[in-house]
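Enquirer: Questions regarding the structure given below will be posed in turn.
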Amino acid sequence: MSKTVEVRIKRQDSPKSPAYWAEFAVAYEEGMNVISLLQAIRRDPKDKSGKTVAPVTWESSCLEEVCGACTMVINGQVRQACTALVDKLEQPVKLEPMSKFPVERDLRVNRQRIFDNLKKINAWVEVDGYHDLGPGPRQNPDDQTTTYKLSECMSCGCCMEVCPQFTDINDFIGAAVLGQARLFNMHPTGAMQMPARLDKVTGPGGIQDCGLAQQCVKACPKHIPLVETIGALQRDITLTQVLGALKK
Amino acid sequence: MSDKRVLIVGGGLAGLAAAMKACELGLEVDIFSMVHVKRSHSVCAQGGINGAVNTKGEGDSPYIHFVDTIKGGDFLADQPPVLSMCEAAPAVINMMDRLGVTFNRTPEGLLDFRRFGGTLHHRTAFAGASTGQQLLYSLDEQVRRWEAEGKVRKFENWEFTRLILDKDGKAVGIVAQDLSTMEFKSFPGFAVVLATGGPGLMFGKTTNSTINFGSATAAAYKQGVWYGNPEMVQIHPTGIPGSDKLRLISESARGEGGRVWVPRNKGDKRPWNEIPPAERYYFLEERYPLYGNLVPRDIASREIALICTKEGLGIGGRNAVYLDLTHRSEEYLLKKLGAILDIYEKFRGVDPKKVPMEIYPAYHYSMGGLYAGYETDETGRLLKNSPANQMTNIPGVYAIGEADHQYHGANRLGANSLMSCIFAGLVCGESVAALAANSKTAPAESSLLEKECKHEEEAYKKLLAQDGPENPFVIHKELGDAMSAFCLIERHNDELKQLQGMIDGFEARLKKASSLDKSGSGNMSAVFLRQLDGMITMAKAVVDAALLRDECRGAHSKPAFDNPAPSKETPIEDPAWTAYYEKFLAQTQTWLKTTVAKHDPSKSHPTIEYKEVDTRHLSPEPRDYTGVGKKAWKKFMDKRKAAEAKA
Ligand SMILES: Cc1cc2nc3c(=O)[nH]c(=O)nc-3n(C[C@H](O)[C@H](O)[C@H](O)COP(=O)(O)OP(=O)(O)OC[C@H]3O[C@@H](n4cnc5c(N)ncnc54)[C@H](O)[C@@H]3O)c2cc1C
Ligand code: SF4
Ligand code: SF4
Ligand code: FES
């Protein structure tokens, strides 16, 4: 009588050990998402055959699709587990860790590379200080619509997971980080630091590694117009180069 | 230079603000966080951040913001830090704007502001409907800038487990555990800043993130840091029931015109759109004509809960009421509330632009926290650059953000938390810099660092080896259900006593729980034993303090001790007003005190003491959100003063 949800999870006990598949049957509840499946498993950590196993490790924080932590590959598609509603998933629900980042345990991966890349491209506004310097520069509300969108990027890595150019043997910085470069170029103060930022964006692993395969934009849960953004960044680069040449 | 290193535990708004300020002032910082700091709980904040910038020509001012905050908190907050915060708020918002926060703009390109609960002014700056995320990102970027300069080291995916105190009881470092390799390490530092957020998970399913264990707070508390006002926890009136979490619809939904209603007739089974306007009961608007749907959170939550549980008017007899935005145009809603309405649709599969949302109150926020102190100047404001600001009772240990007890008294106003987090962070940056300048403490001896690290390793080994029949995640669920049922919306002493017994039971069962996982890598279960122990420790403080406080104040509602105001139709001359005010003054005398919970290792329950509240700027008065009674209070006080003058 009681409905169950079939779940297959690609597990890995430690960063170096081999991956293996485990199967679970979880009692169905209305409104379940992948997170509540994993929570149910740890409250009764037995696999489908009834054998007691270690609870599955995964990463999560906000459960509202604003932190990016719970990203994993669900039924072959990279997305956030907290917005993956069981009612809308085919069964068995297949869960895998992201493949472009090193696995630490089960569904948890190490995405430090994203943050290192943000550091690489000066993804910030260089202000004079944190004391009271009065109001910031005025900004066109239309620009805000664009910058807000870019700024919703939660460093989840979906765009990198699907990008053919982003691999563990190269150092391509990925679409999200390029989007952040664009964001800071658009800020009135950030724009003053554009040349230094663009230097980094065109450095090793930079924008030239993007093959314009356009996979990233389809995968972004925040619907950030990544391809358009990469185009705009290209224009920034050309313009800066032309201006630089004129000054010489 | 390592003697100038400050250890900041927590990378939410508060921790990151402290880190960037400390770096600006020449210090070096180690930041610890259970997740990448960019994934901290602060990202959840939707609605906005308060500051009386007064760009709408409404005559708003920092002082009015101060008055709203103090009154909103039912006078339980010490006033000097709150005054300083409200005065600094406009500059903090300007700073965040300069850092690149994508705040919404007016047509003239200025910051836009909206109205939030508990105020009559447009005082809340916002960035779409993910203001917390946007603020956090800008601070994260600044800290990354310092990281690139080599001033900051980040330890992300690490859990703080213990303070290292020298023989004089002063903080000289911490122990933390790498949650991937499970290894422990000691870190020396001349000051420790606890910016570890709220302890919401003791209430089970809440609006909080999955990392809000409060385990850092519990660890510090067990080592002697006091905990202020544990019983003061806030319920959010508009939670969305969910299987893993109670997501919320921000107060801004009401700010943008959202109307709360239930069918006027009990048992009305018709779908919402078949109920004619006259048969819809807009109970907040009818009961609170001045503030309407924007009454403070505690009042809204109680009204919503009671209209379902006591009056039986919930939708279809369930614990749910409508929050209705359908009278607003879709375009307007998309522009103002896009992201949060998305959340509702994503998790409930219904479009709130077309169909009213269903909501019910949920645990949301802790006003209480680690007891943070302050020093004042002669005007009763925070003394600038005092090392005492935000310092706890343990020298060198600071508390900021939701983890401190300081800014919100018995109830927090919407959009005041983000401000208090950033403000306290900036203040704390200055405090630790001042401490570094004056500190003569010797750096921690390596033998002490080793000993404390060993202590934590041993404790963890024991947890790992635990192999009893109980499942800690099951115990947690039961703890959360019990706390939510008996210690949230309304409190009754008999139920609280019962709850105390239940918590003792959970504690006993925890000793018989299994770590479930023996692995030495990414082990979430063994550490959960420690986290759950922390939740149980803090739950005791919450429940014990709630049991003792025999009154209603702010979010703490104990109906048996209520002192309800006479109805707004009662004439001013009616003696009911005098009786009400006499009781109010007596209650103030007894209970206008900060609860201080102290851990006593020799007892299984906390020692609870009380401290006077610093009310030097504004005398307590009854809260009045009905718009009447103001005159009655003045008359009463005039008479009283005259009598006192005579005597
Ligand atoms: C859904 C929601 C909406 C909200 N909306 C608003 C709003 O509109 N306006 C408003 O003013 N407030 C709002 N709030 C409240 C506000 O978001 C929080 O109070 C605030 O963000 C807390 O920030 P913080 O810096 O204190 O802590 P957090 O952001 O919670 O960060 C805590 C940090 O501590 C770390 N940490 C915790 N324990 C440990 C440990 N043991 N070891 C190492 N690191 C640890 C975490 O990893 C994290 O980095 C909202 C809250 C919720 C839940
Ligand atoms: S356009 Fe293609 S190559 Fe470029 S970042 Fe996107 S997915 Fe990768
Ligand atoms: S751009 Fe989109 S997919 Fe890529 S990290 Fe940001 S939010 Fe994720
Ligand atoms: S937990 Fe934050 S995005 Fe899913």
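Enquirer: Antiparallel versus total DSSP beta bridges in chain B: what percent is that, nearest 5?
Expert: 70 percent
Enquirer: Along the Cα→Cβ direction, 7 angstrom out, place labels at B:Val474 and B:Lys630. What is the inter-label distance in nm?
Expert: Placing both labels 7 Å beyond Cα along the Cβ direction yields 5.7 nm.
Enquirer: Continuing with this model, one more query. Shape verdict for the protein assembly as shown, please, from the Cα gyration tensor: rounded (a/c under 1.5), prolate (a/b greater than b/c) or oblate.
Expert: Here the protein assembly as shown falls in the rounded category.
Enquirer: May I ask you to order B:538-548, B:408-418 by the average number of other C-beta atoms within 10 Å around their residues, highest value first?
Expert: By packing density, highest mean first, the sequence is B:408-418, B:538-548.
Enquirer: Identify which of A:Gln80, A:Gln39, A:Gln180 has the largest mean-square fluctuation in a Gaussian network model of chain A, with springs joining Cα atoms closer than 10 Å.
Expert: With Cα springs under 10 Å in chain A, the top fluctuation among A:Gln80, A:Gln39, A:Gln180 is at A:Gln39.
Enquirer: Mean separation of Cα pairs under 8 Å and 6+ residues apart, divided by the residue count of the range B:163-312: what relative contact order is that in percent?
Expert: 15 percent
Enquirer: Report the local net charge at A:Leu133: Lys and Arg +1, Asp and Glu -1, summed over other residues whose C-beta lies under 14 Å from its C-beta.
Expert: -4
Enquirer: Just to verify a number: FRET efficiency for A:Leu239 and B:Tyr63, C-beta to C-beta distance, R0 = 51 Å, to 0.05?
Expert: With a Förster radius of 51 Å, E is 0.60.
Enquirer: Let me ask something additional. Using a ≥ b ≥ c from the Cα gyration tensor of chain B (square roots of the eigenvalues), is it rounded, prolate or oblate, where a/c under 1.5 gives rounded and otherwise the larger of a/b and b/c decides, a/b for prolate?
Expert: rounded
Enquirer: In nm, to one decimal, how far is the B:Arg270 label point from the B:Lys593 one, both placed 7 Å along Cα→Cβ?
Expert: For B:Arg270 paired with B:Lys593, the spin-label model returns 5.5 nm.
Enquirer: Still on this structure: Considering every residue in B:481-491, what mean count of other chain Cβ atoms within 10 Å of its Cβ is obtained?
Expert: Counting other chains' Cβ atoms within 10 Å and averaging over B:481-491 gives 0.
Enquirer: Give me the distance between the Cα centres of the range A:219-244 and the range B:413-464, rounded to whole Å.
Expert: The range A:219-244 and the range B:413-464 have Cα centres spaced 42 Å from each other.
Enquirer: Next up: Say R0 is 22 Å: what FRET efficiency, to the nearest 0.05, do A:Asp142 and B:Tyr332 get from their beta-carbon distance?
Expert: Efficiency computed from Cβ-Cβ geometry: 0.80.
Enquirer: Further question on the same structure: Mean separation of Cα pairs under 8 Å and 6+ residues apart, divided by the residue count of the range B:453-548: what relative contact order is that in percent?
Expert: 41 percent.
Enquirer: Would you mind giving the mean number of other chain beta-carbons within 10 Å of the Cβ of each residue in A:105-118, as a whole number?
Expert: Mean shielding by partner chains, rounded to a whole number: 3.
Enquirer: Using per-residue counts of other Cβ atoms within 10 Å, averaged over each peptide, order B:500-506, B:256-262 from highest down.
Expert: B:256-262, B:500-506
Enquirer: Out of all DSSP beta bridges with both ends in the range A:4-109, state the antiparallel percent to the nearest 5.
Expert: 85 percent
Enquirer: Want the number for B:His455 to B:Arg318: 0.36 nm per residue separation, take away the alpha-carbon distance, what's left?
Expert: 44.3 nm
Enquirer: Next question. Using a Cα-Cα cut-off of under 19 Å, which aspartates and glutamates could be cross-linked to B:Lys611, ignoring same-chain neighbours fewer than 8 residues away?
Expert: Result set, ordered by chain and number: B:Asp74, B:Asp78, B:Glu231, B:Glu375, B:Asp404, B:Asp544, B:Asp550, B:Glu551, B:Asp600.
Enquirer: Based on the mean of other Cβ atoms within 10 Å per residue, sort peptides A:106-114, A:223-231, A:152-160 so the most packed one is first.
Expert: Ranked from most to least packed, the peptides come out as A:152-160, A:106-114, A:223-231.
Enquirer: Still on this model: Let me check I've understood the local charge: for B:Met419, count other residues with C-beta under 11 angstrom from its C-beta, Lys and Arg +1, Asp and Glu -1. What total comes out?
Expert: Summing Lys/Arg as +1 and Asp/Glu as -1 gives +2.
Enquirer: Evaluate peptide B:211-218: per residue, the Cβ atoms of other protein chains within 10 Å of its Cβ; return the mean as an integer.
Expert: Partner-chain Cβ atoms within 10 Å, mean over residues of B:211-218: 1.
Enquirer: Further question: In whole percent, what relative contact order does chain B give with Cα contacts below 8 Å and a gap of six or more residues?
Expert: 20 percent
Enquirer: Among B:Ile536, B:Ile359, B:Ile572, A:Ile121, rank each residue by its count of other Cβ atoms within 10 Å, from fewest to most, as a rough exposure measure.
Expert: B:Ile572, B:Ile536, A:Ile121, B:Ile359
Enquirer: Between A:Lys46 and A:Asp128, how many nm apart are label points set 7 Å from Cα along the C-beta direction?
Expert: Calculated label separation equals 6.9 nm.
Enquirer: Go ahead and run the numbers for FRET between A:Asn170 and A:Ala27, Cβ-Cβ distance against an R0 of 56 Å, rounding to 0.05.
Expert: Result of the calculation: an efficiency of 0.80.
Enquirer: Connecting C-alpha atoms closer than 10 Å in a GNM of chain A, tell me which of A:Lys51, A:Lys100, A:Lys119 has the biggest fluctuation.
Expert: A:Lys51
Enquirer: While we're on this one: In a Gaussian network model over chain A where Cα atoms closer than 10 Å are linked, find which of A:Leu63, A:Leu233, A:Leu178 has the largest mean-square fluctuation.
Expert: So, out of A:Leu63, A:Leu233, A:Leu178, the one fluctuating most is A:Leu63.
We did not get these values from a lab; they are worked out from the coordinates using the rules stated. These figures come from a predicted structure and were not determined experimentally. As a convention, Cβ positions derive from the backbone with ideal geometry for all residues, glycine included, and neighbour counts pool all protein chains shown.
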